Amino acid sequence: MKNLTNEQYTLSVDLAGGRVMEFSLAGKNHLADAALFPGSTIWTAPQSDWDWPPPPALDSEPYSVVHSDEQTLELTSAVCPQLNIRLTKTFSAIPHGFRVTTSINNVSSQTQTYAAWQVSRVLGGHTYFYSATGPLPNSNLPLQREGSVFLYEHNPKLLIEGVKCFANNSGGWIANIFAGQIFIKRFPKLDAADVAPGEGEVEVYAFDSESNPYVEVEVQGPYTTIASGEQTSWAVDWWLIPVPDDFPPLGAIAEVGQALAQMVQGVSE
């Protein structure tokens with residue numbers, strides 16, 4: 001396990017899969033580190049390229065350390081024989097958290113097209129996102145909505161199977177609120193035409209187990225054509241912030257969405 005520290009923030013990365021197992025503030029981890037599929041990982045989109053399970057070279061096999069110090073960690077995977085790519089993950093300290101940068105290197109002799117797909121498991125709580133156009137038709141996650149802000153409130157007792165939503169035209173953020181903490185991902189907004197086929201710019205998956213609950217907070221980068229020997233990079237900022245005393249009630253969806261958007265703007269500045 002490799003650890004990064006940034007004031008009160010800690011990021012712990014398992015070299016097996018280059019998987020983030022801890023993102024904590026003052027020792028309080030926001031990631032589901034004991035779930036059936038724990039922590040935060042990177043896949044490629046569309047999933048139809050590899051179906052299931054994820055390619056081991058990217059998701060579970062050892063990554064090599066390229067660079068490591070107290071506030072920066074760079075890892076690289078072995079070549080993935082299924083996809084003919086190599087992933088590089090760079091974790092670096094920023095105010096209120098860390099930046100997670102993914103690079104996809106095309107090691108084949110032909111042009112290939114992929115998007116990076118960041119999948120982070122949390123224990124439940126309230127997950128919010130903005131989408132001007134709403135969930136795509138292939139979505140079956142039960143959502144609450146006010147305007148263009150959507151909420152998924154996790155309750156595995158109400159689920160009989162794993163459920164998921166896909167959405168485009170986001171606000172460039174997605175957030176999960178659980179146990180007094182706000183986990184925000186900030187990312188570059190995409191045009192719907194730049195999203196991988198059959199996928200969404202933001203996605204939320206809920207696992208239906210009461211004994212091992214988790215929710216996946218997912219973001220995808222642009223579906224990019226990569227020439228042989230070239231690479232494409234995509235960065236997502238992770239912030240972890242205590243819920244302020246004057247924060248809106250979690251059921252006031254539009255107000256929460258506005259507060260989160262203001263947080264994103266404020267931290268960015």
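The values are calculated or read from the model by the stated rules, or taken from the named source; none is laboratory data. These numbers were taken from a predicted model, which means no experiment stands behind them. Neighbour counts run over all protein chains shown; Cβ positions are idealised from the backbone, glycine included.
Here are the numbers:
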read-out	value
Residue ID - nearest to the chain's Cα centre (by Cα), chosen from residues in segment 236-260 that are crowded, with 17+ Cβ neighbours inside 10 Å and aliphatic (A, V, I, L, M)	Val236
Candidate set from segment 85-118 (those that are within 18 Å of Asn3 (Cβ to Cβ) and basic (Lys, Arg)); member that is surrounded by the most Cβ atoms within 10 Å (Cβ to Cβ)	Lys89
Residue ID - nearest to Val65 (Cα to Cα), chosen from residues in segment 16-33 that are outside any strand (DSSP E or B) and over 17 Å from the mean Cα position of the chain (by Cα)	Gly27
Residues satisfying the stated conditions in segment 220-246, i.e. touching a Leu at 6+ places or on another chain (Cβ under 8 Å) and of a type in the set (Gly, Ala, Ser)	Gly221
From the options Ser60, Ser48, Ser12, Ser40, residue that is in contact (Cβ under 8 Å) with a residue 24 or more places away in the chain, crowded, with 17+ Cβ neighbours inside 10 Å and among the hydroxyl-bearing types (Ser, Thr, Tyr)	Ser40
Hits in segment 126-142 - residues which are of a type outside the set (S, T, N, Q), in a loop (DSSP other than H, G, I, E, B) and surrounded by fewer than 20 Cβ atoms within 10 Å (Cβ to Cβ)	Ala132, Gly134, Leu136, Pro137, Pro142
Members of segment 17-37 found to be at negative phi and exposed (fewer than 14 other Cβ atoms within 10 Å of the Cβ), listed by number	Ala34, Leu36
Selected residue (criterion: surrounded by the fewest Cβ atoms within 10 Å (Cβ to Cβ)) from residues of segment 147-164 that are touching a strand residue (DSSP E or B) at 6+ places or on another chain (Cβ under 8 Å) and closer than 14 Å to Asn212 by Cα	Gly162
Pairs with Cβ under 7 Å, 6+ apart, first in segment 240-266 and farther than 24 Å from Thr5 by Cβ, second in a loop (DSSP other than H, G, I, E, B) and modelled with pLDDT of 95 or more	Ala254/Gly147; Glu255/Pro248; Val256/Pro248; Val256/Leu250; Ala259/Phe247; Ala259/Pro248
Given (1) of a type in the set (Phe, Trp, Tyr); (2) modelled with pLDDT of 95 or more; (3) over 22 Å from Pro197 (Cα atoms), index of the condition Phe37 fails	(2)
Yes/no for Lys2 being buried (at least 18 other Cβ atoms within 10 Å of the Cβ), within 30 Å of Val264 (Cα to Cα), charged (D, E, K, R) and in contact (Cβ under 8 Å) with a residue 60 or more places away in the chain	no
Any hit, segment 193-205, residues being of a type in the set (Ser, Thr, Tyr) and either on the phi > 0 side of the Ramachandran plot or over 14 Å from the mean Cα position of the chain (by Cα) (or both)	no
Entirely in segment 152-269, the strands (runs of 3 or more DSSP E) that have 2 or more residues that are out of contact with any Cys (no Cβ under 7 Å at 6 or more places or on another chain), within 30 Å of Glu74 (Cβ to Cβ) and hydrophobic (A, V, I, L, M, F, W, C)	170-178, 181-186, 215-220, 231-242
Near pairs, Cβ below 9 angstrom, 6+ apart or cross-chain, from segment 102-130 (within 28 Å of Ser209 (Cβ to Cβ) and modelled with pLDDT of 95 or more) to any residue that is crowded, with 19+ Cβ neighbours inside 10 Å and of a type in the set (Lys, Arg)	Gln118/Lys185; Ser120/Lys185
